[in-house]
């Protein structure tokens, strides 16, 4: 049985940047030992929210609590794994050299390096320089680094972008195994089909939360037959402030710079 307390609790979170409000007083929770999908179009605030959760985003107001501590608390460095959209590894080092470097920072041993290399199916590339790998392989090196030390929470920003369907399936299978072993995951995605892989969904648009529900609950609430149409109905039902960007294709919502 998992902890009954949420691993993430956000209250009235507001983020302003360049005179523009990016997140408008968000309230949300992420339950323990679940895969929570964060879906929304480009510019909706997904990346900004994730940066706030790991303590690298300056916030204007509100509270962000992660594993019972304020986001960014130094204690959380070994408890939270974070994977950014762009691979945050060294191109001139091999896969193993990268992982050994991050393992040294975290204070974990070589067995952990071998474990995460196998977990993301990179053992056959262990000696290759990261700069020679494909984009999907580099992303998996970043994921392996985030898995070092067996974190309680993984925050993954678009981890499957650019991957072929087989690799996407394999990564989601890995996420399910991690959840079943006790890890909580928050995964952003621009592919609506991936919603079916999640235990719970957060739908974000223009820095506002449209829904925080299970997929069955979302479909029942909207009367839609799939998450794409549910998203569209929520968009139609939710007033959009003047100047806010409208969402486009719900199937492929696009990446995000904010």
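Taken together, the values in this text are just the output of simple stated rules run on the coordinates, not laboratory data. Small disclaimer: the values here were computed from a predicted structure and weren't measured. A quick note on method: Cβ atoms are made from the backbone with ideal geometry, for glycine too, and the neighbour counts reach across all protein chains shown.
Antiparallel as a % of all DSSP beta bridges within the chain, to the nearest 5?
Once the DSSP bridges in the chain are tallied, antiparallel ones form about 55 percent.
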Return one number: the angle in degrees, 0 to 90 and rounded to the nearest 10, between the long axis of the Cα atoms of helix 110-119 and the longest principal axis of the Cα atoms of the chain. 50 degrees
Mind pulling the angle between the C-alpha long axis of helix 165-180 and the longest principal axis of the chain? Nearest 10 degrees, somewhere in 0 to 90. 90 degrees
Likely footprinting exposure, 60, 117, fewest C-beta neighbours within 10 Å first: 60, 117
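Regarding the chain, what is the average projected area of its C-alpha convex hull, in nm²?
13.8 nm²
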Highest average packing first - 184-190, 194-200, Cβ atoms within 10 Å: 184-190, 194-200
So what's the back-of-envelope 222 nm ellipticity for the chain, counting only DSSP H runs of four-plus at -39500 (n - 2.57) apiece and dividing by all residues, rounded to 500? -9000 deg cm²/dmol
What angle, in degrees between 0 and 90 and rounded to the nearest 10, separates the Cα long axis of helix 227-237 from the longest principal axis of the Cα atoms of the chain? 40 degrees
Obtain the radius of gyration and the Kirkwood radius of segment 93-150 from its C-alpha atoms and give Rg over Rh. 0.92
For segment 157-213, what's the relative contact order in percent, using C-alpha pairs closer than 8 Å and at least 6 residues apart? 29 percent
